[in-house]
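Bear in mind these aren't lab numbers, they're just calculated from the coordinates by the rules spelled out. This structure is a prediction, so every number in the text was calculated from the model and none was measured.
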Amino acid sequence: MRCPFCLKENVAEALVCDSCTRDIAVPKSLIAERDELVRKRDIVRQELLTARAELERLRRQKIRSA
């Protein structure tokens, strides 16, 4: 597991970082929740990019027909 503070790699079962001695124990349920939120965020970002592209296409189409 990588320490979120100093980014040093630690053994997966580590409760405290070997390097900076900070608490790095995170319940598996929180890790799973974070992973799910990251997945949802990525989906929303893609939807936003698609929507922006569609808006730009509609703007260009409106300009051409004006």
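Observations, loosely collected:
- Taking Cα atoms only, the orientation of helix 28-65 departs from the longest principal axis of the chain by about 20 degrees.
- Of all lysines in the structure, the ones whose alpha carbon falls short of 26 Å from that of Lys40, not counting any fewer than 8 places away in one chain, are Lys28.
- Under 17 Å of direct C-alpha separation, and excluding same-chain neighbours fewer than eight residues apart, Lys8 reaches these aspartates and glutamates: Asp18, Asp23.
- Taking each DSSP H run with n ≥ 4 as -39500 (n - 2.57) and averaging over every residue of the chain yields -21000 deg cm²/dmol at 222 nm.
- Under 15 Å of direct C-alpha separation, and excluding same-chain neighbours fewer than eight residues apart, Lys62 reaches these aspartates and glutamates: Glu54.
- For Val16, the residues 5 or more places off, or on other chains, whose built amide H falls under 5 Å of its own are Ile24.
- Both radii were evaluated on the Cα set of the chain; the Rg over Rh quotient, with Rh as the Kirkwood radius, amounts to 1.40.
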